[in-house]
Amino acid sequence: MSKGLKRNQVLAGLDIGTTKVTCTIGSIGEDGINIIGVGHSPNTGMRQGVVVNIEAVSEAITKAKEEAELMAGVPMPAVWLAIGGAHIESFDSQGMVAIKNKEVSNEDMERVIEAAKAVRIANDRQVLHVLPKEFKIDSQEGINDPIGMSGVRLECSVHIVTGSNSAVQNAIRCADRAGLQVEGLVLEQLASALAVLSADEKNLGVTVVDMGGGTCDLITFAQGSVIHTNVIPVGGNNFTHDVAMGLRTTQNNAEVLKKKFGCALPDMVNEEDAMEVESVGGRQSRTISRKDLCEVLEARADETLKFIREDLEASDLMKELGSGIVLTGGASQLQGLVEMGDFVFDVPVRKGVPERTGGLTDVVKSPAYSTCVGLMKYGMTRQRETKSIAPIKGSVFSNWAHRIKELFG
Ligand SMILES: Nc1ncnc2c1ncn2[C@@H]1O[C@H](COP(=O)(O)OP(=O)(O)O)[C@@H](O)[C@H]1O
Ligand SMILES: [Mg+2]
């Protein structure tokens, strides 16, 4: 258990996604987080991770919150809020300080990170994370944890992630209108990565791609540290739009067909498979070959994965990916995408779902919950005992957990 945390403390994650709001409530147990409440609601008030309709988003949050609270049997504590989407930017920076007492202390670490942070940020942006990549003492490079080491000069390179003030403030305002306090902000793909990766993968080098409705959000780890983040403004909604155009059907029908019959590799589906497609403008529905649907999806999937590869190549990161690439987020569920990824990236590709949690594990074992579960994992390492978090009464929790387990089989 992390320092400063008590067993049975509760914490919560809120993910305001482009297509849906999810929230989870967890309690801290012996081996990590037990999920005790999960809420979900479709969201129509966002575009590419940015709030465009406060009313609609607040309503979606309220619904998801109430569902999670009912399940957990406790009020939702202050939330760790995911921030992601097209407004996120990131860059690298360096700092250098003299080591005070010839041995690196916590204070030296704080000072060198402060020094690396001292760069001009545009007035309309705010820093979300300053993520240390590596430290250097005198001429020795590649140090991960310099505390206690001897030397004269401490250098640090960091990865700084910023978001647009208005996008961040609007997300907080929506949570506030739904009656939720915000405990802290976490980059969406960082949260997703924490839910789906093992420590080994982070050490060996891996990229997680959170494929949502509006954007693909990337994060790369090497030697345990974050070395790269980026956002590609293409997501599952583009796939749906292509299907609607290609098969001349409604967005709703295109979404259903994509999820039910879609595949990124037409060769994986049967020649004879056919499906009913709704027409627009009151015309009769038609029967279309499943292959036609998959060919539309193949083109978009190929383009999307190549955008991702180009981004990784531009930062010279392909050689760092000893553990390959992990696809998560709702849009990663498209059949055949992982197989296509193996081919496009030429490194191992796998699907990522939240791992290593207790409680309602079955409910959150979907790539659409990666961000929310990761938010709680992040929170668990950050939340201090000094913050007052209402403890759960053992009986209430165990009763509810038991009943919910029954409900979800
Ligand atoms: N089985 C599936 N096959 C293909 N796409 C899917 C599937 N399930 C969900 N999606 C797509 O995932 C996208 C939503 O991703 P998600 O990560 O849940 O959302 P958000 O962007 O709100 O975080 C939508 O475009 C949806 O169509
Ligand atoms: Mg998302």
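What follows draws every value from the coordinates through simple rules; no lab data is involved. From a predicted model like this one, the values you see are computed outputs, not experimental measurements. Note: ideal-geometry Cβ built from the backbone for every residue, glycine included; neighbour counts use all protein chains shown.
General remarks:
- For GLY142, net neighbour charge (Lys/Arg +1, Asp/Glu -1) across residues whose Cβ lies under 12 Å away: -2
- Ellipticity estimate at 222 nm from DSSP helix runs (n ≥ 4, -39,500 (n - 2.57)) divided over the chain, nearest 500: -11000 deg cm²/dmol
- Pairs with C-alpha atoms separated by more than 24 Å, drawn from the list LYS65/LYS377; LYS133/LYS319; LYS65/LYS202; LYS202/LYS259, are LYS65/LYS202; LYS202/LYS259.
- Helix 165-177 axis, angle to the chain major axis (alpha carbon atoms, nearest 10°): 80 degrees
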